[in-house]
Structures are given as C-alpha cells and as structure tokens.
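See below for the structure under consideration.
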Amino acid sequence: MNNKQPPPPPLTAVLDFFASVKLSIFLLLTVAAASVIGTLIPQEGMAEIHHPMYSPFLDAVFIKLGFFNVYKAWWFQLLLGLLALNLVVCTLKRLPITWKLVTGVTPGFSRGKFKSIKEKHEIKLNMPAQKARDAVLDVVSSRFKTVKAAEDEDGYTVYAEKGRWTRMGFYVIHLSFLLILAGALLGSLFGYSGSLNLEEGQTSQTVEVGVDRQRRDLPFAVKCERFEVKYYEGRDSVSEFTSDVTITEPGKAPWRTFIRVNHPLRLHGVSLYQASYGVSHYSGLVNVSFKNLETGEKHIVPVPISAQPTALPWDKGMIMIPSFTASLRSRDGHNMGPAVRMHIFPQEGKPEVMFMPVGRPEFARDVMGLEMAVLEGEEIVPVYYTGLKVTKDPGVWVVYSGFILILLGCMVTFFMAHQQLYIKIVPSGSGASVELGGAANKNSQGFEERVRRIAGRLEKKE
Amino acid sequence: MALLEILESTAIVSFITFVYGAAAVLYWADWVFEKPVLSRSATWLMLIGFLGNTAGIVLRWIESHQMGIGRAPFTNLYESLVFFAWTIAILYLVIEKQYKVRSLGAFAAPLAFLALAYAALQNKAIMPLMPALKSNWLIAHVITCFLGYAAFAVAFGLAVIYLIKSRDVGLSWLAGALAGIAAAILTVIFTGYQTDAFWTLAGAGFFIGAGVALGAGFATSAVVNLVKKSDPGGKGRVNKMLPDLGVLDELTYQTILFGFMFLTAGIITGSVWANSAWGRYWSWDPKETWSLITWLIYGAMIHSRLVRGWRGRRTVYLSLFGFGAVLFTYFGVNTLLKGLHSYAT
Ligand code: HEM
C-alpha cells in the first residue's frame, strides 16, 4: 500500500507556511531581537554622536545594516509586514472554521463525547431521578447560557454550554494588532510633527516641520498672548508651563485658551503641545555715553534694544543695538556679564559691529573721534517665547481603537472560556446517581474546580 | 494626626522589609524542616507585610499632601519598588488562597523583600512632580505595569517550582544559567557601572555574565540533584507539597496571561500618556522599546502553547527568559540606556 500523501500543491504549501504559528513565533522573537539592537546602539535623531564609539569597519557595517536607524530600516519594516501578512493569512484560513463552530446549532447529546471525558464527578442524590433532574436544571441554568435536557432509556441527560463566542476573542486581539500597525502607517504617511516658537504677542499660521524646516500651513492662526512658568509654593521647582493663546479660525471670532503640559489643544486634526520655552530676546534700553574728544563735550544717548537705529550726537551717524545678552563669554571663556551687540553707521565709511559690556565704563572705546561707553541699562526684561510642538496624526484614532479592542480581546480570550457540561442522571435505588463531566477550551484546571463546585451545590440541594 | 507625625511612611516600609524577609525565612524553613506550621505563620507575616505595605503607600500620599505638593505615590524608583512589593504580596496571597500553593511563598516573599531592600538604597525624598508627570494616565500606567511585572515575577517563581518538581537536572542547569545572566546584568547595574565605552561594558558584562551563569547553573542543578537523591521515589513531603506538574504548568500559564494583559494595558496607558504629554504615542525610547520586547517574548510564549507538544519545559524557559526581560526593562534600562524615563532613577 502507498501510505504517502500526495505533496500539497505549491500554493497551499506557501499559504500553510504563512498561516503557521511557528512563523509567528519566529517573527515575534525576531522583532524583539531587532528592537534590542535599537536600544543598544544609539539611534539617529538622538542627541548623542555615536560614530566615534565604533571602529571604522564596524561603523561601516552598522551603517550598511541600518543599525543606526533600526526602526526605520527596510528589513525591520519588512518584518512587521510579514507579521501582518502572517496574521491575515492565518485568520483567513481559520476564521471560517471558528465562525461555523460559533454560529452553528448546539450540538446534541453525544454519548460518545461524554464517555471520552476523563475526569468525572459522581454524586448520589437522595431524591427520585426526576426531582434530581429539576435540581440539576435549577443549579445549572443560572450558570450556563444554553441548557438542554432530554430523557433517554436509562434516565436523563442535561447538556449545558456557555461562552461559545469567546472563541472569537483571539481574532479581536489579532485584528487590533493589525489596526495598531495600520494606524501607525497612516500616521507616518499622512501626519507630520513640527515645532512652533512664538514670542509673547506674536502670531503664526504656519509651522516648521522636519529637519529641513519646511513650512506647513495650519488651519488656524495661533497668537501667544502670554507665557507663564508657575513654581511650587516656596520651591524652585516648576509646577506648570502655560501658554495663553488666541486662536483665529477662518470665518469665526477669535477665542482664547490655554495650552499646558499634558493638556494639549486639539483642533481640526492638529494638536498643539506645550513642549518648551525660552528667552527669545530682551526689551528695554541702554544708555550710551559719548565724549567728543576734540571739544570734551559729553552726551548720553538712550538706545532701545531693537532693530531701529538711533541718531548719534554731532551728526556723526546712527547707532543700533539689536540684541542684549545676559552673559557674554569672552574668547578665553570668561564671563563678561551682560553685554549688547552694537552697530555703528558713520555718515561716511563702513559700518562697524561690536560687542560692548553693559555698565562697565572702563571698557570705553574710541569711535570716529568719540569716546563711547555703555552705561547701565534701563528696564531690560526678557521676552519669552513658548515652544509648541505641533502634530497631525490621522492614524492616532485607529491606533487607539486598536488599544481598546486589544484589551477587550485579552479579557475575553484569557479569562473566559467556552464551557460545556454534560450531566447524566440515572435512578439508583431510592435516589439518583448523578455524573458530571465537562470540558473547557481553556484553563481546564479552573473549569474542573467549577464542576466540583457545581457538584457540591447539588449535594446541598437535598 | 499625632500618630502620623511619629509614623513616617518610609519608617513603616523599612520595618515591612524585615517582615517580608522573616516570611521568606519561614517559607524556606518549611521546605527544609517540613513543618507546615512554619509556612502557615509565614502566610500571616505576608498578610501583615501586605497591610503595612498598603499603609506605607497611603501614608506617603497623605504626607505629600501635607507638604503641599499632593501627588500619587508612584512616581520615582523608590515609590515604584514599594508598589512592586505590594503587588507581589497581593498577587501571591490571592494565588495562595485560590490554589493552595504555599510552596510558592518561598519565591514570592524573597522577591517582595528584595524589592523593598533595593528601595532602601534609593532616594526617598518626596519631590514635587515636574509638569509632564502630572497626569492620571501616569498613575494608570504605573499601576497596570506593576501588576503585570508582579504577575511575571510570580510566574517566574512557579517556573522554578516546576523545575524542582520535574527533577530535571539539565533543565535546571539552563534555568540557573539564565537566572545567573540576569543576576550578572543586575550586579553590573547595581554597582553603578556606567561608561560610554560600549565594548568595555559589553565585554565586562559578558565575562561577569558567563561566570555567574556558570556558577548559578551549577548551583541550581546541584540543588535539584540533591532533592532528587534525598528523595528518590518522589514520596517525600517537599515533593508532595508541590502541586502536580500539570497544575503548575496551567497555573504558570494563567499567571502569565494575567501579566500579559496588564503589561498590554501598561504599554497602552503609557503611550496614551506620552501622546498627551509629548505629542507622540510611540517614540522608540529605550524603556518603551524594552517593554515592547518583553511583550513580544511573552506573546511568543502564548503562541508556543498552540504548537503541539510545546508545554511544560518550554513554558518554563520562556517564563524565565521573559522575567529576565522584565527585570531589564525595570532596572537595566534606567541605568544602562538613556531615555525619557530617566526621571525614574
Ligand atoms: C504574527 C502573526 C500571528 C499569528 C499567525 C497568530 C496566530 C494565532 C493563532 C493561530 C492563535 C490560536 C488561538 C486558538 O486556537 O485558541 C492565536 C492566539 C493568540 N494570539 Fe496570535 N498570532 C499572531 C500574532 C499575534 C500577536 C502579535 C499577538 C499579540 C501579542 C497575538 C496574541 C494572541 C493571543 C493573546 C492569543 C490567544 C491565546 C489563547 O488562546 O490563550 N498574536 N494566535
């Protein structure tokens, strides 16, 4: 006799390969291993400079393999794609079978099946078989969804079943996993993430995206009215960063709102997060003294810190102080204290740019026959900017639905089971002998315990 | 309130450390002297420890409010370790009540003790939270993650019991080696061994790991060998005290499913939090990635049971391996790898 099965057609073999759980185990562990690499080798986009850490040879190899950007490497994406394919094929193959099982009619009382159950509990009840059946039905019907009783030649049989639908649970888990992958893909294809630094009083309707700082239009304009840093009472640790902003949507009246850490503003599919803050520049003015070296005459000129030039005395030209810094570092690393950047535009000749310490007349300089010194500043205050992170991710709700579904799927799959219970009631003497046996597709230990408890309940019924 | 002024949460927790330690000693003593009264008293100690642990956590919450910076007590390494001990204690007590496996106490109690002992080395000050940490998602994140971690810790204990019960010397050798590697990694971390030189680190880790793995593998197999020799027929009390292999296998699996669900919930709440704080639900930060790695390992293990014949031994391997990943996610990442979660050090 030829016992050999004919080799499966190639397509079936390929499908079987992609439907196999062994492949999924392999893929899950491979993705895990690849992820380990990504955490051991500093990844691109992180602040550290990694290259000097490795020898040039290793460096070249790692670059070739994409180890400096594992999660975006083609082979990593391929692994995820294979995982998805694995899931889809496996589902397509098995779903029809499960579906039939779940939606099919309740199986009858197959004695053969009952006989094959290994662990059975036998109890004796001190009542006629018919009453025993009623007692069984009473105990069982509150615990099982489907209960059927039948009379047969030697007594009664009761069949109880529940949770058949829980066999669908793992499809929910797998579907959610696909949803999460799909949502992530959607986000990476159609989403963006950029930053928006706004000074107090400044408005913007665009945002800078990516390393090449492309500008993107926002569906609304944001104006930063005020930026505030709050501290814990009596401490110097920050409790809150808040941007007080005005939003102007086309065709609507402007409205005001706050953006705080952990409380982003979500609007028209775009989210604005409080990410950072800083000093963009200073406002106020500095007094600059001038002494005419020919005549000995003196003049003090208040110059605002701005891009507006101010006239110099004696018609010598213009002066402009575009920026102030709270601490200037000299070339050898000394802190020179507060300083300004200064532009001098003579009536004739080339303009000059210089840094001058503030409030240190001993650092006076000669310019165009004038002795110039920067005196104290007045009302010099920092002007803050708020650093907003702006993202658009159309996939996030797909991902979140996956999150909710995967948890529901886990609860159903892990903690609920398809339970089937057979109870055989046979008259014995003046009472009845009751035999209980059952099966659950999961946690058979737990189900055994349950059957034992039901038996205990019945014994108490007497 | 007078009582509150005397009883500081940290003092209670230090005391509870010894209660858990004493429980561990009693559970072990029962294995050696085979006197059930020992493990019964140990269970009472565990219960006292658990109640004290709860009090410590609640009190710390109250203390933070008294300082005017009220915040949930789950936000730094010290607090998370105290909470970790709490979750191990409650999970163990529930399993003991449900399944009557006192022998598991010999693993659960020392784990709770070690968590608190390590907590004692951490900075215990109640600091105000930085703005990003002020989120209900963070609380949900910590609670779910630690319930998951604790379940994996208990599953690890069950796997070790499986090893002893199965009297499989070869398997215990391997398990010991795995545990040794985990221990070596932890030692490297605990001694604060930090350097930018990747290869120095990897090399030292390798040699220490190999050495400790060898030792641990040898020691574990020796213990199992001893149990086997002293009780050749498997009729001794220790052997009877341990549940059947089938029960252990099932129980380990159920515990892992429980852990898996909470780890899933932990990753999810963490990423929802990240999305509300930083505008990204996933950024491949090392801590995040390691929790995913752990999730993938346990996921693979859940599937391994679908392949025929992959029960028992393989469940044990993966349970040990997975717990190694849990430990690394929790301790290793903070110290060895840098990322967003560095607040937790
Ligand atoms: C990569 C492709 C995957 C394939 C082909 C696959 C296949 C399967 C199969 C065939 C089952 C059988 C369920 C049963 O018969 O009871 C299953 C169950 C399950 N799968 Fe997957 N799976 C994959 C990925 C995943 C992933 C990524 C996860 C999430 C971690 C996952 C989680 C589960 C869970 C939790 C169960 C339930 C186990 C149980 O019944 O207790 N699977 N999977």
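The values are calculated or read from the model by the stated rules, or taken from the named source; none is laboratory data. Everything quoted here is computed from the prediction, not taken from an experiment. All Cβ positions, even for glycine, are placed from backbone atoms using ideal geometry, and neighbour counts span all protein chains on display. Surface areas here come from the heavy atoms of the whole protein model, side chains and all, with no ligands, DNA or RNA. Shrake-Rupley method; radii C 1.70, N 1.55, O 1.52, S 1.80 Å.
Considering only residues that are modelled with pLDDT of 90 or more and more than 7 Å from the ligand (Cβ to nearest atom), which ones fall in segment A:24-33?
A:I25, A:F26, A:L29, A:T30, A:V31, A:A32
Please work out if B:A265 is small (G, A, S), within 18 Å of the chain's Cα centre (by Cα) and facing chain A (nearest Cβ under 9 Å). Break it down into steps so the answer makes sense when it comes.
Values: small (G, A, S): yes; within 18 Å of the chain's Cα centre (by Cα): yes; facing chain A (nearest Cβ under 9 Å): yes.
In short, yes.
Being over 16 Å from the mean Cα position of the chain (by Cα), within 7 Å of another protein chain (Cβ to nearest Cβ) and at pLDDT below 85 is true for just one of B:L296, B:L292, B:L337. Which residue is that?
Within the list B:L296, B:L292, B:L337, the selection yields B:L337.
Tell me, which residue of segment A:267-313 that is open to solvent by 60 Å² or more (accessible area, probe 1.4 Å) and within 28 Å of A:A221 (Cα to Cα) is nearest to the other protein chains (Cβ to nearest Cβ)?
Filtering first and then ranking leaves A:A275.
For segment A:103-206, list the helices (runs of 4 or more DSSP H) that sit wholly inside it and hold at least 1 residues that are buried (at least 18 other Cβ atoms within 10 Å of the Cβ) and within 16 Å of the ligand (Cβ to nearest atom); which are they? Please lay out each step first, then the result.
Working: elements: A:111-116, A:129-141, A:169-190.
The qualifying helices (runs of 4 or more DSSP H) are A:169-190.
Could you check B:L104 against (1) open to solvent by less than 40 Å² (accessible area, probe 1.4 Å); (2) within 11 Å of the chain's Cα centre (by Cα); (3) away from chain A (no Cβ under 14 Å) and say which number it fails?
With respect to (1) open to solvent by less than 40 Å² (accessible area, probe 1.4 Å); (2) within 11 Å of the chain's Cα centre (by Cα); (3) away from chain A (no Cβ under 14 Å), B:L104 is out only on (2).
Looking at the structure I just gave you, is B:L47 open to solvent by 40 Å² or more (accessible area, probe 1.4 Å) and assigned to a helix (DSSP H, G or I)? Give the derivation first.
Values: open to solvent by 40 Å² or more (accessible area, probe 1.4 Å): yes; assigned to a helix (DSSP H, G or I): yes.
The answer is yes for B:L47.
Go through the residues of segment A:378-388 one by one and say whether even a single one is within 12 Å of chain B (Cβ to nearest Cβ) and within 30 Å of A:I173 (Cβ to Cβ).
no
One residue is enough: does segment B:241-251 have a residue meeting the conditions more than 16 Å from the ligand (Cβ to nearest atom), modelled with pLDDT of 90 or more and over 17 Å from B:V326 (Cα atoms)?
No, there is no match, as no residue in segment B:241-251 is more than 16 Å from the ligand (Cβ to nearest atom), modelled with pLDDT of 90 or more and over 17 Å from B:V326 (Cα atoms).
What about B:G299, is it open to solvent by less than 20 Å² (accessible area, probe 1.4 Å), out of contact with any strand residue (DSSP E or B) (no Cβ under 9 Å at 6 or more places or on another chain) and not aromatic (F, W, Y)?
Yes.
Please pick out the residue among A:L405, A:L375 that is within 16 Å of the ligand (Cβ to nearest atom), more than 10 Å from chain B (Cβ to nearest Cβ) and open to solvent by 40 Å² or more (accessible area, probe 1.4 Å).
On inspection, the qualifying residue turns out to be A:L405.
Among the listed residues B:I69, B:I95, identify the single one that is in contact with a strand residue (DSSP E or B) (Cβ under 9 Å, 6 or more places away or on another chain), among the β-branched types (V, I, T) and within 14 Å of chain A (Cβ to nearest Cβ).
B:I69
Does B:R40 fit the bill of being of a type in the set (D, E, K, R) and assigned to a helix (DSSP H, G or I)?
Spelling it out, B:R40 is indeed of a type in the set (D, E, K, R) and assigned to a helix (DSSP H, G or I).
Working carefully through the options A:S428, A:S401, find the one that is assigned by TED's automatic domain parsing to the domain that holds A:V136 and touching a residue at least 12 places away in the same chain (Cβ under 8 Å).
After ruling out the rest, the residue left standing is A:S428.
When residues of segment A:438-457 are filtered for being away from the ligand (no atom under 16 Å from the Cβ) and either of a type in the set (F, W, Y) or touching a residue at least 60 places away in the same chain (Cβ under 8 Å) (or both), how many remain?
7
Condition check ((1) modelled with pLDDT of 90 or more; (2) within 16 Å of the ligand (Cβ to nearest atom); (3) surrounded by 13 or more Cβ atoms within 10 Å (Cβ to Cβ)) across all residues:
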{"position": "A:I37", "(1), (2), (3)": "no, no, yes"}
{"position": "A:H50", "(1), (2), (3)": "no, no, yes"}
{"position": "A:K64", "(1), (2), (3)": "no, no, no"}
{"position": "A:K72", "(1), (2), (3)": "no, no, yes"}
{"position": "A:L83", "(1), (2), (3)": "yes, yes, yes"}
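Tell me whether segment B:312-329 contains one or more residues that are within 13 Å of the ligand (Cβ to nearest atom) and touching a residue at least 40 places away in the same chain (Cβ under 8 Å).
Our first condition is that a residue be within 13 Å of the ligand (Cβ to nearest atom); within segment B:312-329, this holds for B:315, B:322.
Then keep just the ones that are touching a residue at least 40 places away in the same chain (Cβ under 8 Å); that gives B:315, B:322.
The answer is yes, given that some residue of segment B:312-329 is within 13 Å of the ligand (Cβ to nearest atom) and touching a residue at least 40 places away in the same chain (Cβ under 8 Å).
Of all residues in segment B:50-66 being open to solvent by 30 Å² or more (accessible area, probe 1.4 Å) and within 14 Å of chain A (Cβ to nearest Cβ), which is farthest from the chain's Cα centre (by Cα)?
Only one residue fits best here, namely B:Q66.
Can we say A:T413 is under 30 Å from A:L198 (Cβ atoms), surrounded by 15 or more Cβ atoms within 10 Å (Cβ to Cβ) and modelled with pLDDT of 85 or more? If you could, list the steps in order and put the result at the bottom.
Details: under 30 Å from A:L198 (Cβ atoms): no; surrounded by 15 or more Cβ atoms within 10 Å (Cβ to Cβ): yes; modelled with pLDDT of 85 or more: yes.
The answer is no for A:T413.
May I ask you to verify whether A:K93 is farther than 16 Å from A:Q419 by Cβ, loosely packed, with under 11 Cβ neighbours inside 10 Å and modelled with pLDDT of 85 or more?
no
Could you list all residues from segment A:242-261 that are in contact with a Phe, Trp or Tyr (Cβ under 8 Å, 6 or more places away or on another chain) and either small (G, A, S) or within 8 Å of another protein chain (Cβ to nearest Cβ) (or both)?
Within segment A:242-261, the subset in contact with a Phe, Trp or Tyr (Cβ under 8 Å, 6 or more places away or on another chain) is A:242-250, A:259-261.
If the condition is that a residue be in contact with a Phe, Trp or Tyr (Cβ under 8 Å, 6 or more places away or on another chain) and either small (G, A, S) or within 8 Å of another protein chain (Cβ to nearest Cβ) (or both), then A:S243, A:R260, A:V261 are the ones that fit.
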